[in-house]
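Working notes, structure below.
The values are calculated or read from the model by the stated rules, or taken from the named source; none is laboratory data. Note that the structure is a prediction, hence the values are computed from the model and not measured. Heads up, the Cβs are rebuilt from the backbone with ideal geometry, glycines too, and the neighbour counts pull from every protein chain shown. In case anyone asks, the SASA skips ligands and DNA or RNA and just uses the protein heavy atoms, side chains included. Shrake-Rupley method; radii C 1.70, N 1.55, O 1.52, S 1.80 Å.
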Amino acid sequence: MDQLAAYERRFRSAGLPLFIEDYSAREDVFTRAAPLLAFVFLGEMLGAIQLDWSVVANVAAALGGLAVLLVAFGLVNRLRERPFWSFPEDVGVPELAAFVLLPALLPLIFGGQFGSALATALGNALLLLLVYAVVGYGLLSIVRWASRRLLGQLRASLELLTRALPLLLVFANVLFLTAELWQSARTMPTSFAVLLVGLLVLVGAAFLITRIPREVTALERDAGVAGPSLSRRQRLNVGLVMLVSQGLQIAVVGLAVFAFFVVLGVLMVNAEVREQFMGSSGHVVLRLHLFGEPVQITRELLRVSGGIALFSGLYWAVAVLTDSTYREEFLDDLTRDMTETFKARAEYLALRR
């Protein structure tokens, strides 16, 4: 049992909790998250208050809401044949339904706020989905595991980036010194800029999501020969590990490109150049002195550098998973790490048998 527990801890730390046999949302996800859910559940007694009421009325409503929640959940405990005031050690469908529906009753009882009730129920349902994604698929463990590998990924990224650098720099420098890009950065509303960022991120994520399943199949074929085939949920777990790992690498490359063009813009694009590009000197957000010379960082410079960084990250995501040379070098390190985990899974399953 100690050996099995050690293997299961290893799978969790690697962001692969679904490699654990008999892993279920009821026992391994929501029951583990029960303290957080209980804290949120009790905090939602504030759904009984209204801002236009007096302080005394709101305090009374909050206490009344707390009483309603405690009594209602106590009744759920009795239905589940537990003591009235007990904390559930097994979170199943009745407890999850109570978590979603009971707090939503408070705005209806105290003030007839149908909109607030609906928002509370939807918010709690979304929170359960988030808990399932974070705990059930080990998202935090995946981020920690990928972050520990980030230094090695940086080295690999720099080696690969030097091959793609000539084409990337030609494209980026031509784009950086284009007056139309600076004019767009100056006139574009902030809401449109946010939508543009979201669009590029969505396109990159969609490309990764469509490409990664075949990489998971190839990874299982190369690294998983020591054990039985993965289930559909286990493949999804491995795909999530690859997605986060690749996403961190893209983020590092994008941040490096962003920093490079911010420095380049500070040195090259002064107020006179910006006047020619945009018809104005732009919105200055930071003034500095470098070697006795005044330099400025403008909102337009940050927007232009950010746009080029996003396009570079998108190009990098496509290149790494489509170009055979980049793809092999990127996947080699990941395959070595995964091979050890797949071997551990085979030993774990043999030990269970």
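List, please: which pairs have Cβ atoms under 6 Å, are six or more places apart or on different chains, and start with a residue in region 6-30 that is under 13 Å from residue 338 (Cα atoms) and end with one that is in a loop (DSSP other than H, G, I, E, B) and modelled with pLDDT under 80? Pairs that qualify, where the first residue is under 13 Å from residue 338 (Cα atoms) and the partner is in a loop (DSSP other than H, G, I, E, B) and modelled with pLDDT under 80, are 15/138.
Could we say that residue 88 is under 32 Å from the mean Cα position of the chain (by Cα) and either under 22 Å from residue 27 (Cα atoms) or of a type in the set (A, V, I, L, M, F, W, C) (or both) here? Give the steps one after another, and end with the answer.
On the way: under 32 Å from the mean Cα position of the chain (by Cα): yes; either under 22 Å from residue 27 (Cα atoms) or of a type in the set (A, V, I, L, M, F, W, C) (or both): yes.
Judged against the criteria, residue 88 is a match.
Within region 177-198, residues that are in contact (Cβ under 8 Å) with a residue 60 or more places away in the chain and among the charged types (D, E, K, R) sit with their Cβ atoms under 7 Å from residues that are open to solvent by less than 70 Å² (accessible area, probe 1.4 Å) and part of a helix (DSSP H, G or I), at 6+ positions apart or across chains, in these pairs: 186/278; 186/300. Within the set 239, 282, 247, the sole residue that is farther than 27 Å from residue 135 by Cβ and either within 35 Å of the chain's Cα centre (by Cα) or modelled with pLDDT of 85 or more (or both) turns out to be 282. Restricting the search to region 109-124, which residues are assigned to a helix (DSSP H, G or I), open to solvent by 40 Å² or more (accessible area, probe 1.4 Å) and either modelled with pLDDT of 85 or more or of a type outside the set (Gly, Ala, Ser) (or both)? Within region 109-124, 109, 114, 118, 119, 122 meet the criteria.
Return the pairs, sorted by first residue and then second, in which the second residue is of a type in the set (Ser, Thr, Tyr) and open to solvent by less than 40 Å² (accessible area, probe 1.4 Å), the first residue lies in region 66-93 and is without any contact (Cβ under 8 Å) to a residue 12 or more places away in the chain, the beta carbons are less than 7 Å apart, and the residues are 6+ apart or on different chains. Taking only residues 6 or more apart or on different chains, the pairs are 77/86. Residue check: residue 91 meets all listed conditions (1) surrounded by 17 or more Cβ atoms within 10 Å (Cβ to Cβ); (2) over 18 Å from residue 135 (Cα atoms) but one, namely (2). Among the residues of region 232-275, those that are touching a residue at least 24 places away in the same chain (Cβ under 8 Å) and of a type in the set (Val, Ile, Thr) comprise 238, 241, 244, 250, 252, 253, 257, 262, 266, 269.
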